[in-house]
Each structure stands twice: as structure tokens, then as C-alpha cells.
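Peer 1: One structure is given below, represented as C-alpha cells, and several questions about it will come after.
The values are calculated or read from the model by the stated rules, or taken from the named source; none is laboratory data. All values reported here derive from a predicted model rather than from experimental measurement. Please note: Cβ atoms are built from the backbone with ideal geometry, for glycine as well, and neighbour counts cover all protein chains shown.
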Amino acid sequence: MASDTVNSTLPEGSPPPYDPRGAGSGSAGESVRKALLTGVSRYGLIGVWAIVIVVFSILRPDTFPTTANLQNILGTQAVLLVLALALVAPLMAGDFDLSVAFVMAFSSIMVAKLNVDQHWPILVAMLAALVAAFLIGTVNGLLIVGLGIDSFIVTLGVGTLVFGFTEWISNAQTISGVSPHLVEWVLTNRILGISMSFWYGLLLCFILWFLFQYTPLGRRFLFVGFNRNVSRLTGLRVDRLRIGALISSSVIAAIAGILYVGSQGGVEPTAGQSFLLPAFAATYLGATTILPGRFNAWGTFVAVYFLVTGITGLQLLGVQNFVQNLFYGAALVIAVALPRIFNRRRASEEAAAGT
Amino acid sequence: MGLPPQDQAASPTPTVESGGAAPVLSIEHLSRAFGGVLALDDVSFAIEQGEVHGLLGENGSGKSTLIKILAGYYAPEEQASLQVNGRPVRLPLAPGQARGLGISFVHQHLGLVPELNVLDNFIVGELAQGRATRPVSWSAEARRVRGILESFGLHLDPRATVGELSQVDRARLAIVRAVEEIKENLQGDGEARGLLVLDEPTVFLPREGIDQLFALVRDVVARHASVLFVSHDLDEVQAITDRVTVLRDGRLQGTVRTAETSGKALVAMIVGKDLEEFEAEPRGGSDRGQALVVRGLCGGGVEDLTFSIERGEILGITGLIGSGFEVIPYLLYGARQAEAGKVALGDDELEVSSLDPRRMLEGGVVLLPGDRQLLGSVGELTVGENLMLPVLSEYASVGVLHPRALRKVSKGLLSEYDVRPSNPEAIYHSLSGGNQQKALLAKWLQTDPSLVLVHEPTQGVDVGARQQIFAMFDRAAREGLAILCASSDYDQLARICDRVLVFGSGKIVAELRREDLTKNNIAERVYGAMSLNPQQPEDPNG
């Protein structure tokens, strides 16, 4: 291009032309605007959450803004929180895992069956469920990474298979009467009046946040998810990382299953399905906040409780049950559409600015 | 500039065949700027009826911009005008509009669906046009298509899967399909003549296939349409075209009659004069030891290749696209699987089939790929994250990262390599091309490698950064680093290399040493590669 000619007129040893993009960009007003925009995209969901809380508090001042309701909201939805957190690692690494909800139901049935019918000690039953989940995750990983099949279809198939097993071993019957120790340690023991299951979910959130943010592992997942070629050429073990993420999602889903069984005292085999969509809605919505554009643990936490707050409030207003699905579905659609709209606008602004 | 005759192309003399009829296509004052740089600068030329018109130029000369304007992907700047068959056409063209004017394109990748059969591929365009529920009589269509193919001397089974055809037959199928499209679009317009645009159609073809392809092209020109033949292969252009238009740096260098112009004159038009001598001081001496020895490397179009590179040496490899030089960095890094051969890296002798990036990294080899967006970086993530990815474990104790140390080190690296802004938090793709490349250089050189494989290191890089990158290479080589630079930028090679290997048809056809390294010398060997082959290389065994 013209570069050659410019090059030749450049006296030898002259400093390179200053790259305008490197210059401290824009006026003070613009940087304030920028900071504001970042703030809005980072904490926007928290703001909306706060607005939702305020609105419901005004509409239902007697039942909504109460300690009991807060404890209820936090305590009852820990299973959803853990299941949504299970999805963060594989989604970060670029793979779907639709089997998590079925793995969750499978492991809760397994715990109940082994504990109630086979009289296994509860801890051994839990361990067996975790091992089974590990194996399911390995199968997912080997099919997706080893054979190079699309993760969506593999986990849908494996998930359905696992669901079939769940119905089989339970005879499609509800199993109840699980060890009271488990129920105690999940549901009835409380800190600050909130069931233990919430605190387990919070702890998991902490652990994942730390892993993703402060270890090389998290960065590697991130790069693998964004671009496998770049990752491979930078020496990452892409296959191992992807398989690892899929195993972790299965195992965390099994933890969700254990919490489920503990909080209900029993379990019905179809428990999983109603959790799948909300879990995806929460992880995707979570990727629009705290660290926008990246699947992240705290974003998922915020998203789960935002969704649950909304639904609880609507129920207190006396709205019918189908509103749950309306709410979750809308959240998922908005969560995936919003960043696109945002990016498109930014791209057109950049184009207009001639960069 | 010593240009061949007939420099003014805007008003070409009528060719013998056309007898004064209006040109099929006439372009005047065509320009197009990208971000203030003119990719096309006031280009005018015309394609006569019944001629094969060549369009020649290096990478970045503006050829593909011109084709994309015709195809309707880009809008030209305002003053441009276009006539098809003597009738003015309003610019910009909409995508697909050219087709209606009787202009059809066959691109390098042919646009065939390999999983489908010949018939499906042939009529897909018609199916896309018509009513979705109109029934198709497959046997009648098969007969019709077989007839059409036969009329061009192509004996293909309409039910054969396209992926199983030879490369040549695939290319010929694509061409016949395009010609049929032209005929259909010009139906009922007796005056109009069509234009077939062949955009680098021979890159993937074996030698013997090219003759078959050319026979088909001659048939097309004789009976159906003019042809615009886009290529950077001089031999082919000389073999098939009646006239040639040459572009360089977006500007028209002239339109000449092929028969009246020597190959040397064409090369001069394509690459221009050496504008300056390279300035780097000579580096190092002998006895530096080998950094890498390659024996019998095969794969990706390269055949039985043997060469070595010394410590502290910058070795350039070049050739035309498709000559095989451009895959070598990827084969040696294990990014792309090689078929056979051995590499000796220090004291280790490795089978190329066992190479993988992780292993090469451990052996001190790094790769700077030509495609920064797809292979070099993740644009959506920050500069710091991209920069530090290969060394994360060095900044972690008991598995925990030290964010502060990471930030400090990355900041230091960014200012050392003059990446602007030197802010690790900046999003990588917000950087200019030059700064992106400098950041990638920093990413890899911080690992203290012994061999750097680079592919087109200054593509999309501004002038200033280009100089800086040259200086960085030079400094690294002085410290004993070996650099293998695959590039088709002859100016760059002449400036930075100690030695340049020129490739043709997957083999080394010439070796140029320091004292012979000028832009023109390299270009002459590259464009001579086809005709010299398979004669003796210039400097066997150097």
C-alpha cells in the first residue's frame, strides 16, 4: 500500500510516527461517560434487582420485605444456585452441558435409593452419587472432545439416557424417608436463620470465583472458550481442560442433587427437568453482570437471586404458577439478546468514529 | 520507470476479435479507501469482447478489492464509473447485482458443496431462485446437466459426489456452472456479452490440471463470454491471457498486450523498483551452531524439504501463494500435521508426525501466526490476559496467581515493546495492528525462546511499527535467537534476512544470500520459480 512510499520518505533513524490510538483517549467528559457505562453494564442487574425489591416491598409491605421471606428466598433456592454454578465452567470453556439437571435428579434418586432401600450409610451413598456423576461427566467429555461431536447433542442424549436410568431405578416412584442427618445438615440447621444449603451454595460460589479469577486454570478455561486454536498454539491442553470442565459440571450437579434430597427428605424422579431452563437462564444472565461478557460465579449468584426474588414477589401478588416459566424464559432471551444489541451499537459507534 | 508500451489503459485499442464493439466491462476512476489508506487509487481499464484479460499484482495490490467491488461487497468512492456492454451502470453495485448483468464469479474455493452431488451443485442457484414448492424432475434435470457438461467436454456423472471428483474436475464444474449462469441471465438480450471472473482458480491445481482448465477457458472465450483472469502467477497469465492489467499499491501500472510484453517487464510492473537498500548491519559470523535442522519434510504441499537454520540467523522463506512456503512455520510447530520428515532441535531428533505446539514450546520454539485474529490472540479479552497466557504458572505459587505481579510485569513488557497504550487492561482488539503485533511479540519473546517461527509478521501493520518490529527481530537475532520468517513481502525479507529460500511447487528453487538480497532479486526468483522449475536451483546446497 501507500506504506512503502511513506517508508521511503522517512529519514533514517527518525522515531516511528506516533500512533494516535495510544494517546490518552478523549476528554474528561468522555471518560466519565465511559466509566458510567462500565458501571451500568457491570452492576446494572444489581440495580434492577434492587428496583424489583423496592417495587414488591411497596406492593406487599406486610409479606415481602420481611426477614422470614428473605430467609425463605435464600434458603429454598440454593439447589438452583448450585446447579447454575455447575454450568459456569463448561460454558466458559465453550461447551454446553444440558445433562446437569438430569444428573442432579439421578444423584438424588441414587442417594435416596441407596440410603432408604439398601440401608447404606448416608455418607457412602453420597460418595457413590458423586462417583457416578464423575463417570457421567467423563462419558460426556470423551464423546464431545474425543470424538468431536457437538456438545449440545451429546449432553442432550446422555442426559436423556441418565433420566431413563433415574426412572428405572426408582420405578418412577417417589422415594422418601432419607436419613434425618442429611435433612438436618441441609435444611434444619440454620445460620442467621437461613438453611445450611444456602451457605453451601455461597461457599461453592466463593471457591469457583477464586478458581476462575486467581488461578491459571480460570484463565485457561477462558481462552479455551474464546478460541481453541489460539489456546492450542499457546500450549494449553485444550482437550483435557474441556473434559475437566464437563466432569466438574456433572460432579457439581450431583452436589445439587444431594442438597435437593436433603432439603426435601425425599425425591421424585422427574425433579430435574424443571431446573434445566432456570439454571441456564441464570448462568447466561449472570454473564451480563459483574464481569460482563464472561460467565462468572458472582454474576450467576446475582442472577439466581434476582430471578427468585421476582418470582417470589409475583407469587405474593397472587399471580398464577405459569408466571415462573414466563419469567425464566424472558430472562434467558434478554440475557442473550442484550449483549448483542449493546455490541452492535458499540460497533456502529466505532465505525462512525472512523476507527 | 521503464514501463512497457501502452501505459494508458483507459482507452485501449480495439482487439482483433471484437472489431470495435463496446467493451464487455469498462471501469473508470475506480478508487476505494480503507481508514484513510487508498486500497485502489483511480484505476481505469476495459475488458473487450472475446478476450482473456489478466489482472496481476502482489498481495495487497488492490486486486481483491477490485473484485469485491464488482461483486458488490464494497462500495467504491464517488467519482468512479462503470459500463457493462457500453451501458452505464450505477455504482455501488448491490451484492449479486453483477450476476444479473451477465458477470459471474468463480473464486479460489469454487463455492461447491463437496458433500452434495454434481447435479445438486449445478442447479442449486436455480433452486434458490424459483418457487420453493415447485416439483423438481430429477431425471430430466440430470439429463439436461449431463448434456451441458458434455457440450464443454466434461464427462461427469451428475450423481457423482463433488468431494470425490478430482481438483481439476471440480474447478471445471464450477466454471461451467458460472458460464451457464451467464447465459441464463443474458437470455433475451442479444447484444449483451457476459464476463466470467476467475479469481485465482489455479492455486490448488496440480500442473497437469492447469492445461485442462485452460482448454476450458479458451472454449468459454470462443463461444460464450470474456474472461477476467485474476492471478499472481506470471506463467499462467502469459499462457492464457490476451492482455494484462497490472496493479501495484492500488494504482494502475498499465494494461499491455501479453504477446508483446516480456516476463521481465511484467515483473518490473508488478514489484516496481527497489526504493532503498536495507540498512541493518551484518550480524554474527559462522560457528554459531544449528538451531534447527529439517530433513525430508513433507506435507501441506511441501515435498521432501531439507534445510537448516543457525542460531542468530534470520532465514526468510518465500514464493507464490500455493508454492508451499507459507505452511512451513505451521508444520514445524505442529499446528498442522506434517506427513513425513525429521527435525533436529538442539540435540533432540523428532519425527514431524509427533510434533505438537506444547512440545515445541518446551523445546523453545514459538509461533507468531499470520492471522492475528484467528490464531494469535483473543480480541475480546484484555492485552494483559493475552500477553501473560503462556507464562501464567510462573506467576502463581501453590496454584494461586499473583495479580499484582502479573500487572506489573505485563505493564513493563508493554512499555519495553512500545505497545501503546501500555495498559494491560485495554481490550486487545482495540489496539492498532502494529500494537497488536508488538504485544504478541512480547508475549512470545518473554518466554526466552531459541527459535521463532513467524508468518507475515507485518501484515496490517503501520509503517512505524513495521520498522520497530524489524529492529526487534534484529536485536533478538544478535542475542542468538534464530528466526524463520515466511513472507511474501520481498521488501521486508530483503531488509531483515541473512538468507532467503525461494519456493516453487513445494520445493526450494533458489537460495539468496545476504549480498544478493534485494527486493527485485527476490521477486525475480519468485516469479521465475515456475519457469525455472525443474531446472537447477540457483545456488544448490548453498
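Peer 1: Within region B:444-452, can one find any residue that is more than 12 Å from chain A (Cβ to nearest Cβ), within 23 Å of the chain's Cα centre (by Cα) and either modelled with pLDDT of 90 or more or not in a helix (DSSP H, G or I) (or both)?
Peer 2: Yes: region B:444-452 contains one or more residues that are more than 12 Å from chain A (Cβ to nearest Cβ), within 23 Å of the chain's Cα centre (by Cα) and either modelled with pLDDT of 90 or more or not in a helix (DSSP H, G or I) (or both).
Peer 1: Separate question: Keeping to region B:121-164, report how many residues are surrounded by 19 or more Cβ atoms within 10 Å (Cβ to Cβ) and either over 25 Å from B:Phe214 (Cβ atoms) or more than 31 Å from the chain's Cα centre (by Cα) (or both).
Peer 2: Qualifying residue count for the region: 4.
Peer 1: Report, ordered by the first and then the second residue, all pairs with beta carbons closer than 8 Å, sequence separation of six or more or different chains, a first member in region B:416-431 that is closer than 17 Å to A:Asn227 by Cβ and free of Cβ contacts under 8 Å to residues at least 60 places away in the same chain, and a second member that is in a loop (DSSP other than H, G, I, E, B) and hydrophobic (A, V, I, L, M, F, W, C).
Peer 2: Every condition considered, the pairs that remain are B:Ile427/B:Leu381; B:Tyr428/B:Val378; B:Tyr428/B:Leu381; B:Leu431/B:Val419.
Peer 1: So B:Glu260 ticks every box in (1) modelled with pLDDT of 90 or more; (2) under 29 Å from B:Gly363 (Cα atoms) but one. Which box is left unticked?
Peer 2: Failing condition for B:Glu260: (2).
Peer 1: Would a scan of region B:502-512 turn up a residue that is surrounded by fewer than 22 Cβ atoms within 10 Å (Cβ to Cβ), in a strand (DSSP E or B) and either free of Cβ contacts under 8 Å to residues at least 40 places away in the same chain or among the aromatic types (Phe, Trp, Tyr) (or both)?
Peer 2: yes
Peer 1: Something else: Could you pull out every one of the helices (runs of 4 or more DSSP H) wholly within region B:31-136 that has 1 or more residues that are more than 30 Å from B:Gln459 (Cβ to Cβ)?
Peer 2: B:97-100, B:118-129
Peer 1: When you scan region B:52-60, do you find a residue that is touching a residue at least 40 places away in the same chain (Cβ under 8 Å), within 14 Å of chain A (Cβ to nearest Cβ) and either within 21 Å of B:Phe214 (Cα to Cα) or aromatic (Phe, Trp, Tyr) (or both), even just one?
Peer 2: yes
Peer 1: Could I ask something else about it? Restricting to region B:386-413, and then to whatever is touching a residue at least 12 places away in the same chain (Cβ under 8 Å) and not aliphatic (A, V, I, L, M), can you tell me which residue is nearest to A:Phe295 (Cα to Cα)?
Peer 2: B:Asn386
Peer 1: Would you check if there is a residue in region B:522-538 being modelled with pLDDT of 90 or more, buried (at least 21 other Cβ atoms within 10 Å of the Cβ), among the hydrophobic types (A, V, I, L, M, F, W, C) and assigned by TED's automatic domain parsing to the domain that holds B:Gly334? Walk me through how you get there before you give the answer.
Peer 2: Residues of region B:522-538 that are modelled with pLDDT of 90 or more, as a first pass: none.
So far as region B:522-538 goes, no, none of its residues is modelled with pLDDT of 90 or more, buried (at least 21 other Cβ atoms within 10 Å of the Cβ), among the hydrophobic types (A, V, I, L, M, F, W, C) and assigned by TED's automatic domain parsing to the domain that holds B:Gly334.
Peer 1: One residue is enough: does region A:222-239 have a residue meeting the conditions away from chain B (no Cβ under 11 Å), among the hydrophobic types (A, V, I, L, M, F, W, C) and either under 21 Å from A:Phe301 (Cβ atoms) or assigned to a helix (DSSP H, G or I) (or both)?
Peer 2: Looking for residues that are away from chain B (no Cβ under 11 Å), among the hydrophobic types (A, V, I, L, M, F, W, C) and either under 21 Å from A:Phe301 (Cβ atoms) or assigned to a helix (DSSP H, G or I) (or both), one finds none in region A:222-239, hence no.
Peer 1: Residue under question is A:Leu217, and the condition is that it be out of contact with any Asp or Glu (no Cβ under 8 Å at 6 or more places or on another chain), part of a helix (DSSP H, G or I), without any contact (Cβ under 8 Å) to a residue 60 or more places away in the chain and away from every other protein chain (no Cβ under 14 Å); does it hold? Don't jump to the end; show me each part of the working.
Peer 2: Values: out of contact with any Asp or Glu (no Cβ under 8 Å at 6 or more places or on another chain): yes; part of a helix (DSSP H, G or I): yes; without any contact (Cβ under 8 Å) to a residue 60 or more places away in the chain: yes; away from every other protein chain (no Cβ under 14 Å): no.
No.
Peer 1: Right, next: Looking at region B:411-427, which of the residues that are under 32 Å from the mean Cα position of the chain (by Cα) and of a type outside the set (A, V, I, L, M) is farthest from the other protein chains (Cβ to nearest Cβ)?
Peer 2: If we take residues in region B:411-427 being under 32 Å from the mean Cα position of the chain (by Cα) and of a type outside the set (A, V, I, L, M), then B:Tyr417 is farthest from the other protein chains (Cβ to nearest Cβ).
Peer 1: Among the listed residues B:Ser151, B:Ser166, B:Ser137, which satisfies the condition of being polar (S, T, N, Q), farther than 28 Å from B:Val52 by Cβ and assigned by TED's automatic domain parsing to the domain that holds B:Gln238?
Peer 2: Being polar (S, T, N, Q), farther than 28 Å from B:Val52 by Cβ and assigned by TED's automatic domain parsing to the domain that holds B:Gln238 holds for just one of B:Ser151, B:Ser166, B:Ser137, which is B:Ser137.
Peer 1: Can you spot a residue in region B:172-182 that is within 20 Å of B:Ile27 (Cα to Cα) and surrounded by 14 or more Cβ atoms within 10 Å (Cβ to Cβ)?
Peer 2: Pass one, region B:172-182, residues within 20 Å of B:Ile27 (Cα to Cα): B:182.
Now narrow it down to the ones that are surrounded by 14 or more Cβ atoms within 10 Å (Cβ to Cβ): B:182.
Within region B:172-182, one or more residues are within 20 Å of B:Ile27 (Cα to Cα) and surrounded by 14 or more Cβ atoms within 10 Å (Cβ to Cβ).
Peer 1: In region B:198-207, is there at least one residue being hydrophobic (A, V, I, L, M, F, W, C) and either in contact with an Asp or Glu (Cβ under 7 Å, 6 or more places away or on another chain) or not in a loop (DSSP other than H, G, I, E, B) (or both)?
Peer 2: Checked against the condition, which is being hydrophobic (A, V, I, L, M, F, W, C) and either in contact with an Asp or Glu (Cβ under 7 Å, 6 or more places away or on another chain) or not in a loop (DSSP other than H, G, I, E, B) (or both), region B:198-207 yields at least one hit.
Peer 1: Now for a different question. Among (1) more than 14 Å from chain A (Cβ to nearest Cβ); (2) touching a residue at least 24 places away in the same chain (Cβ under 8 Å); (3) surrounded by fewer than 24 Cβ atoms within 10 Å (Cβ to Cβ), which single condition is B:Gly319 missing?
Peer 2: That leaves (3) as the condition not met.
Peer 1: Go through region B:393-405 residue by residue and tally those that are farther than 17 Å from B:Glu425 by Cα and either assigned to a helix (DSSP H, G or I) or facing chain A (nearest Cβ under 8 Å) (or both).
Peer 2: 6
Peer 1: Taking interchain pairs and intrachain pairs at least six residues apart, which have beta carbon atoms under 9 angstrom, with the first residue in region B:453-465 and over 9 Å from B:Pro369 (Cβ atoms) and within 10 Å of chain A (Cβ to nearest Cβ) and the second surrounded by fewer than 22 Cβ atoms within 10 Å (Cβ to Cβ) and of a type in the set (Asp, Glu)?
Peer 2: B:Asp462/A:Asp19; B:Val463/A:Asp4; B:Gly464/A:Asp19; B:Ala465/A:Asp19; B:Ala465/B:Asp418
Peer 1: Does any residue of region B:378-392 turn out to be of a type in the set (Gly, Ala, Ser), under 13 Å from B:Gln436 (Cα atoms) and at the interface with another protein chain (Cβ under 9 Å from one of its Cβ atoms)?
Peer 2: Checked region B:378-392: at least one residue is of a type in the set (Gly, Ala, Ser), under 13 Å from B:Gln436 (Cα atoms) and at the interface with another protein chain (Cβ under 9 Å from one of its Cβ atoms).
Peer 1: B:Glu141 - would you say it is more than 26 Å from B:Val24 (Cβ to Cβ) and part of a helix (DSSP H, G or I)?
Peer 2: yes
Peer 1: Hey, another quick one. A:Phe275 passes all but one of (1) assigned to a helix (DSSP H, G or I); (2) more than 28 Å from A:Arg60 (Cα to Cα); (3) in contact (Cβ under 8 Å) with a residue 60 or more places away in the chain; (4) not acidic (Asp, Glu); which number fails?
Peer 2: Unmet condition: (2).
Peer 1: Let me ask something else about it. Check B:Cys485 against each of (1) at the interface with another protein chain (Cβ under 10 Å from one of its Cβ atoms); (2) buried (at least 16 other Cβ atoms within 10 Å of the Cβ) and name the one condition it does not meet.
Peer 2: Unmet condition: (1).
Peer 1: Please go through region A:191-223 and give me each residue that is within 30 Å of B:Leu374 (Cβ to Cβ) and in contact with a Gly (Cβ under 6 Å, 6 or more places away or on another chain), ordered by number.
Peer 2: If the condition is that a residue be within 30 Å of B:Leu374 (Cβ to Cβ) and in contact with a Gly (Cβ under 6 Å, 6 or more places away or on another chain), then A:Leu211, A:Phe212, A:Thr215 are the ones that fit.
Peer 1: Whether any residue in region A:159-166 is free of Cβ contacts under 8 Å to residues at least 12 places away in the same chain and within 20 Å of A:Gln273 (Cβ to Cβ) is what I want to check.
Peer 2: Checked region A:159-166: at least one residue is free of Cβ contacts under 8 Å to residues at least 12 places away in the same chain and within 20 Å of A:Gln273 (Cβ to Cβ).
Peer 1: Can you tell me which of (1) in contact with a helix residue (DSSP H, G or I) (Cβ under 6 Å, 6 or more places away or on another chain); (2) not in a loop (DSSP other than H, G, I, E, B) is the one B:Pro158 doesn't meet?
Peer 2: (2)
Peer 1: Among the residues of region B:466-482 satisfying the criterion of being in contact with a strand residue (DSSP E or B) (Cβ under 7 Å, 6 or more places away or on another chain) and of a type outside the set (Gly, Ala, Ser), which is farthest from the other protein chains (Cβ to nearest Cβ)?
Peer 2: B:Leu481
Peer 1: So how many residues does region A:160-181 have that are modelled with pLDDT under 85 and crowded, with 17+ Cβ neighbours inside 10 Å?
Peer 2: Residues flagged as modelled with pLDDT under 85 and crowded, with 17+ Cβ neighbours inside 10 Å within region A:160-181 amount to 2.
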